[in-house]
Each structure stands twice: as structure tokens, then as C-alpha cells.
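Since the structure comes first, as C-alpha cells, the remarks are kept for the end.
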Amino acid sequence: MSAVDIRGVSKVFGSGPGQVEALKDIDLSIESGQFVSLIGPSGCGKSTLLRLVGDLLPPTGGSLTVAGKTPHEARLSRDYGMVFQQATLLDWRSVRANVELPLEIMGASADERTARAEEMLELVQLGDFGGHYPWQLSGGMQQRVAIARALSFKPSLLLMDEPFGALDEMTREAMQDELLRIWERSKRTVIFVTHSIPEAVFLSQRTVVMSRRPGRITRIVDIDLPYPRDEDTREDRRFYDKVTEVREALREHE
Amino acid sequence: MVAGAVDTWTEGRRLPQWLRSTLWFVAILGFLLLMWEGYKFLWTEMGWSWPVRPINRSMPHTWDIVDALFSPARRGGSDILLVILGEAALFTLREAVLGFVIGAIVGFFLAVVFVRSPLAERSLMPYVVASQTVPIIAIAPMVVLWAGRNDWPQWIAVAFISSYLTFFPVTINALRGLQSPPPTASELMRSYAATPNQELRKLLVPAALPYIFTALKISATASVIGAIIGELPAGLPNGLGRVLLRFASSFSSAPEKLFAAVIVSALAGIVFVAAISLAERMIVRARPEVFQAEPESLSVATHRGIA
Ligand SMILES: Nc1ncnc2c1ncn2[C@@H]1O[C@H](COP(=O)(O)OP(=O)(O)OP(=O)(O)O)[C@@H](O)[C@H]1O
Ligand SMILES: [Mg+2]
């Protein structure tokens, strides 16, 4: 059974002359534990596709299943961990309390929450910052808290929409290393939206290339570079070849 | 933990925050008194009479006002004016506080209904706005009359009049605050399958608190005004409303009494607002302007992340 199965999905916003056909005939199947990136020009429907999977929007055509369930059922059984471009931490809560928020809502005991939050903060290397407040953290640290929060309740599927888009290049690469390290340890399914070709290639096993208007999948590039990937990977010939392949796939449909 | 860490290098030379604001308050008060007496002096010397003639019957000396506060209110009476005004202020504050509480609860409740249902907002908001364009002078006698029919104490009727002025700022600001979290925050709550109540308790209300406290401060002053105005048609003799009216009518013979009453009324409002500011400071964790994390531990963690 695939972790995510998307069949003939389309999405039209609005109706009449002003309507926007955001997605058309999307077919995509993602194996459990796979790391998949979505890349494409701005406005091609990457975020929309992620929202359809995450049951934040209903599709106008086709069908989606997540681990055999409808997206709605999957959301109610807390299968989704979401990370957006903005960390969206709650200012009035400490870092620890932010990580505990989903567990609080899901009714976990206080002991369990504390233990999970500590564990998650260690995982993102912020063990000493539990008592700090979001405004006391740098952008990269905030984003790591957001990742810790998304993982705290052990969702099976991680949906990430340009999570590192607002970070500088150095921090961004550090975050990519860290995300891969976390992914290799937890083996969760990840759908990762990005604008950066090297980021997509470095992180994922498959890079899904999309085109605009209406958004559709034009190519799926398999990235068969071995894990663990590290600094050497970034300088590897095969890495550059894959970057070129994705770039050309993007150009074809300009 | 927060306040102490700010600019530690200047801490030694600076007075504590509360002392500084108190000193400023006193300094500004002194300046205003000086302006008042200066105006009287200069206008008298120059023989000017515009905009106000500097005579004692329209502009009493500041010391005469203070003197009036500590003199018996009536010739041969035993209570000094300050005590009488203080008692009147307490009476009015009781109405104002009850009106404030009713107004705040109703105002908050309306905001929650509006944020839950845009239809309710669109259909009810015009009435909420319209309610505030009806002069309170027109509403007050009706409320007093209805309360009288139902044998409610008059001061409760005044509290309701006061709540009429109180709820509006709370509704408008609380609604703004409840709508303040970014859409992604609500999407996160949705992804946790949070119930609407959980979303309200954990996200919307905490986000709205700073907005609500701003409104409560506006409402506190409005509730005192509402109570004073409400006392007039209610014919309540014990509140500030009646006292102000009485002293206004005898203004030309004893102007310092009206000024004294105005000062005490203002003090009542200030005390009310100060109490709310105190509650705000205890409840809302203000986001400080100054970056306060210890710089060293910050850079350590960042480097660890990169290495
Ligand atoms: N709620 C909405 N209502 C109407 N149109 C929408 C809505 N959300 C997205 N769209 C439209 O759907 C299209 C795809 O939007 P989407 O946000 O998915 O693009 P994207 O690939 O994520 O872009 P970017 O890379 O800039 O984030 C755009 O044309 C956008 O205008
Ligand atoms: Mg997007």
C-alpha cells in the first residue's frame, strides 16, 4: 500500500470567467518512507497539491488516499505533520510549550508531553532552549522548533511547504543536513515543496517537476544518490548531473 | 525573568522604571499647575480677557481648589469635600465596575460569535455599530424606567447604562484580535484535528488578549462616563453625577468645588485604568522590544547546528 496515492486529481478555484485551474490530472504515488520533492514555477500549484493531500482543501476531481484512508480520515487520525515557510510559533508559549501544543490538543499526559518535547528538542539540537521564547531565537532555530513540533506526535507523513525558503544559504544547508539526519532516523514519508533545484536534488529520492497553467506533473526525476548524503554529495559529479537534469526538465515547459 | 536582563550596562545609572514614571507624572503635574497660574498672572497683568478671563470666578487659584477639597463641603458641616467626593466616586465606581464587567462579557461573547460565524458578523454588526450612534442620554431614561418597573435597584440600572458604552470597544478589538493569527496557524490546528473550542482556547483567545486589554482600558474610562451620565435620569443623589451637576449650577459662586469634583472624577478613571494595566502586566506576556537571549548560548547553538 502506498503512503500517498493521487489519481487524476484536479483543482479549480472559483467559478465562471474568474476561475483558476490550479491543478489538472495529477497522478502520483508515494511509497511509505519515501522523500519526495515538488518543484515548479511559482503558481504551478505545489502548495495547492500539498493542501489537497493534507485535507486543508477539497479536490474538484479525482481521488486521493493516504495510507489507504481518505485525507479527511488521515487528518482525524493525526497522520500529518506540517511545516510551512513561516515557523508560526505561538509567541506567548515557550519553545517547549510550543512543541507540546499538538500533544496537549491530542490529550497526552503532562509527563508524556514533557518527555516527548525534550526528546524532540534534542533531536533538532535545541535541548538547551526549551525555556526560551520564540522571539529569542534566530529564523533557523525557529524553523527547527517548527519541525520538532511537527514530529512530536509521530505523524506518518510530513508535509513541508518551502520550510527553508526564508533562510540564508548557510543556515539552509545546515537545515537540509539536519532534516536528512532526522528523516533517516525516523523513516517517515516526506513531501517537500521547494523552489531550489539543489535543495530538491540533495534531499529527495524523487523530484516531481511541475509546470504552470494548469499545474501538472511533467517529469519525475529519480535521484539515485546514496544516503547518507553530506558535504561530499554537494560536490559530487552525479549531484551536478541531477541538478542539470531537473533544471532542463523545468525549462522544457517554460 | 524578562525585565531584569534589559540593557544591563545602563542599569546601574538608571532609576527603576516605576520611580521614573512617577517622577515624570509629578513633573508634568507641576508643569500644568504652573501653566494655569502663569496664565492667570500674565493675562491679569496684560489686561487680556480672551479666551478666558483670568478672574477667580472662572479660573480659581490652584491652591483654592486644594483648599476647597480639605474644607467642609457645607458651611458648618463636618465632612470635608474630599471625603464627600471620595464617597461619591466609590458609589459611581461600583456602578461602573459592574457595568464594565457586564459590558466586557457581552462584548467578548459577541466577538466570539462573530469570529465563528461570518454570517452573524455581517448581519449583526450594523446593529452593534448603530447602537453606539444612539446618544446615551436617550437610552438612559428608558433603562431607568424599565428597571424601576421591575423593582431593580437604581444603581443596577445605572450599571446597565454604563455597560452599553463598555461592550462596543471590547467587541471590535476582541474580534480584531481573534482574527489576528495568520491562516497557517489555523491550518496547523486543523492538522492536529483540534476541536473549535481547543482552537479558541489555545490559539485565538491568547492571540486576542493584547487587543482585549487595549479595549478594556478604553472601556474602563467609558464605563465611568456611562455611570455618571446614567445617574442623572436615575436621580441618584449619592454618585458623582449629581455632585457634578450641583457644583456646575453653583459654578459662578464656588467654581473651585466643580474643579475639585472634576479632579476626583478623573482620579476615579485613572485608578480604574491602572488596575487593568496591572492585570494586563500579570496576564499578558509582552513581547519585549529588546533582544534578550544571552548572545553566547545563541551562537553556540547556531554553530552546533551548522557543524
Ligand atoms: N485559495 C485560493 N483561491 C483562489 N485561487 C487560489 C487559491 N490558492 C491558490 N490559488 C491559485 O492557484 C494557483 C496555484 O497556487 P499555489 O499557491 O498552489 O502555487 P505554488 O506553486 O505553491 O506557488 P509558489 O511557488 O509561489 O508558492 C495560483 O494561480 C493561485 O493564484
Ligand atoms: Mg506555495
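The values are calculated or read from the model by the stated rules, or taken from the named source; none is laboratory data. This is a predicted model, so every value here is computed, not measured. Cβ sites come from the backbone with ideal geometry, for glycine too, and all protein chains shown count toward neighbours.
Which of the residues belonging to the stretch A:97-114 are more than 11 Å from every other protein chain (Cβ to nearest Cβ) and assigned to a helix (DSSP H, G or I)? Scanning the stretch A:97-114 gives A:VAL99, A:ALA110, A:ASP111, A:GLU112, A:ARG113, A:THR114. Sub-9 Å Cβ pairs linking a first residue in the stretch A:1-28 that is among the hydroxyl-bearing types (Ser, Thr, Tyr) to a second residue that is within 16 Å of ligand 2 (Cβ to nearest atom), at least 6 apart or interchain, are A:SER10/A:ALA22; A:SER10/A:LEU23; A:SER10/A:ILE26; A:SER10/A:PRO214, ordered by first then second residue.
Sort out which residues of the stretch B:58-83 are polar (S, T, N, Q) and under 18 Å from B:LEU244 (Cβ atoms), and write them in order of number.
Kept after step one, since they are polar (S, T, N, Q), are these residues of the stretch B:58-83: B:58, B:62, B:71, B:78.
Answer for the stretch B:58-83, where residues must be polar (S, T, N, Q) and under 18 Å from B:LEU244 (Cβ atoms): just B:SER58.
Among the candidates B:VAL97, B:VAL52, B:VAL83, which residue alone is surrounded by fewer than 15 Cβ atoms within 10 Å (Cβ to Cβ) and part of a helix (DSSP H, G or I)? Just a single option satisfies the conditions, and that option is B:VAL83. Of all residues in the stretch A:38-78, those being part of a strand (DSSP E or B) and touching a residue at least 24 places away in the same chain (Cβ under 8 Å) number 8. Taking the listed residues B:ALA73, B:ALA68, the one that is surrounded by 11 or more Cβ atoms within 10 Å (Cβ to Cβ), modelled with pLDDT under 90 and not assigned by TED's automatic domain parsing to the domain that holds B:PHE272 is B:ALA73, with no other qualifying.
Here the condition is being over 20 Å from A:MET120 (Cα atoms), more than 16 Å from ligand 1 (Cβ to nearest atom) and surrounded by fewer than 23 Cβ atoms within 10 Å (Cβ to Cβ); of A:ASP177, A:ASP168, it holds for A:ASP168 alone. Starting from residues that are away from ligand 2 (no atom under 16 Å from the Cβ) and within 14 Å of chain B (Cβ to nearest Cβ), keep the ones in the stretch A:45-67 and report whichever is farthest from A:SER77 (Cα to Cα). It comes out as A:PRO58.
Counting residues in the stretch A:223-234 that are more than 29 Å from A:GLY62 (Cα to Cα), within 14 Å of chain B (Cβ to nearest Cβ) and within 16 Å of ligand 2 (Cβ to nearest atom) gives zero.
Cβ-Cβ contacts under 8 Å between residues 6 or more apart (or on different chains), taken from a first residue in the stretch A:238-254 that is more than 18 Å from A:GLN205 (Cβ to Cβ) to a second residue that is surrounded by 18 or more Cβ atoms within 10 Å (Cβ to Cβ), are listed as A:ARG247/A:ILE197; A:LEU250/A:ILE39; A:LEU250/A:GLY40; A:LEU250/A:ILE197; A:LEU250/A:VAL209; A:HIS253/A:SER211. Would it be correct to say that A:SER42 is among the polar types (S, T, N, Q) and within 12 Å of ligand 1 (Cβ to nearest atom)? Answer is yes for this residue. Among the residues of this structure, A:GLY81 counts as one that is assigned to a strand (DSSP E or B), buried (at least 21 other Cβ atoms within 10 Å of the Cβ) and more than 16 Å from ligand 1 (Cβ to nearest atom).
In the set (1) surrounded by 16 or more Cβ atoms within 10 Å (Cβ to Cβ); (2) under 27 Å from A:CYS44 (Cβ atoms); (3) touching a Gly at 6+ places or on another chain (Cβ under 9 Å), the condition left unmet by A:ARG149 is number (2). Looking at this structure, is A:ARG188 charged (D, E, K, R), in contact with a strand residue (DSSP E or B) (Cβ under 7 Å, 6 or more places away or on another chain), closer than 26 Å to A:VAL53 by Cα and more than 16 Å from ligand 2 (Cβ to nearest atom)? It is true that A:ARG188 is charged (D, E, K, R), in contact with a strand residue (DSSP E or B) (Cβ under 7 Å, 6 or more places away or on another chain), closer than 26 Å to A:VAL53 by Cα and more than 16 Å from ligand 2 (Cβ to nearest atom). Scanning the stretch B:100-132 for residues that are among the aromatic types (Phe, Trp, Tyr) and buried (at least 17 other Cβ atoms within 10 Å of the Cβ) turns up B:PHE100, B:PHE108, B:PHE114. Can you tell me which residues in the stretch B:102-128 are in contact (Cβ under 8 Å) with a residue 24 or more places away in the chain and closer than 12 Å to B:PHE167 by Cα? Matches in the stretch B:102-128: B:ILE102, B:GLY103, B:ALA104, B:VAL106, B:GLY107, B:PHE108, B:LEU110, B:ALA111, B:VAL128.
If you take the residues of the stretch A:45-60 that are within 14 Å of the chain's Cα centre (by Cα) and among the β-branched types (Val, Ile, Thr), which of them is nearest to ligand 1 (Cβ to nearest atom)?
Pass one, the stretch A:45-60, residues within 14 Å of the chain's Cα centre (by Cα): A:46-54.
Those left that are additionally among the β-branched types (Val, Ile, Thr): A:48, A:53.
Working: A:THR48: 3, A:VAL53: 12 Å.
Going through the qualifying residues, I end up with A:THR48.
A Cβ distance below 6 Å, combined with a sequence gap of six or more or placement on separate chains, defines the contacts here; from the stretch B:179-197, residues that are more than 7 Å from every other protein chain (Cβ to nearest Cβ) and touching a residue at least 12 places away in the same chain (Cβ under 8 Å) reach no residue that is assigned to a loop (DSSP other than H, G, I, E, B) and aromatic (Phe, Trp, Tyr). Among the residues of the stretch A:69-96, those identified as more than 20 Å from the chain's Cα centre (by Cα) and either more than 10 Å from every other protein chain (Cβ to nearest Cβ) or of a type in the set (Lys, Arg) (or both) are A:ARG93, A:VAL95, A:ARG96.
Against the conditions (1) more than 13 Å from every other protein chain (Cβ to nearest Cβ); (2) away from ligand 2 (no atom under 16 Å from the Cβ); (3) at pLDDT 90 or above, A:GLY18 satisfies every one except (3).
Condition check for A:ALA117 on (1) away from chain B (no Cβ under 14 Å); (2) within 16 Å of ligand 1 (Cβ to nearest atom); (3) within 28 Å of B:PRO210 (Cβ to Cβ): one failure, at (2). A residue that is away from ligand 1 (no atom under 16 Å from the Cβ), under 23 Å from A:LEU180 (Cβ atoms) and loosely packed, with under 14 Cβ neighbours inside 10 Å can be found somewhere in the stretch A:23-33. Take the stretch B:198-209 and flag every residue that is crowded, with 19+ Cβ neighbours inside 10 Å and in contact (Cβ under 8 Å) with a residue 24 or more places away in the chain. B:LEU204, B:ALA207, B:ALA208, listed by residue number. Would you check if there is a residue in the stretch B:254-266 being among the basic types (Lys, Arg) and closer than 23 Å to A:LEU101 by Cβ? Within the stretch B:254-266, not a single residue is among the basic types (Lys, Arg) and closer than 23 Å to A:LEU101 by Cβ. Please state which of the following conditions A:GLY127 fails to meet, knowing it meets all the rest: (1) touching a residue at least 24 places away in the same chain (Cβ under 8 Å); (2) more than 8 Å from chain B (Cβ to nearest Cβ). For A:GLY127, the failing item is (1).
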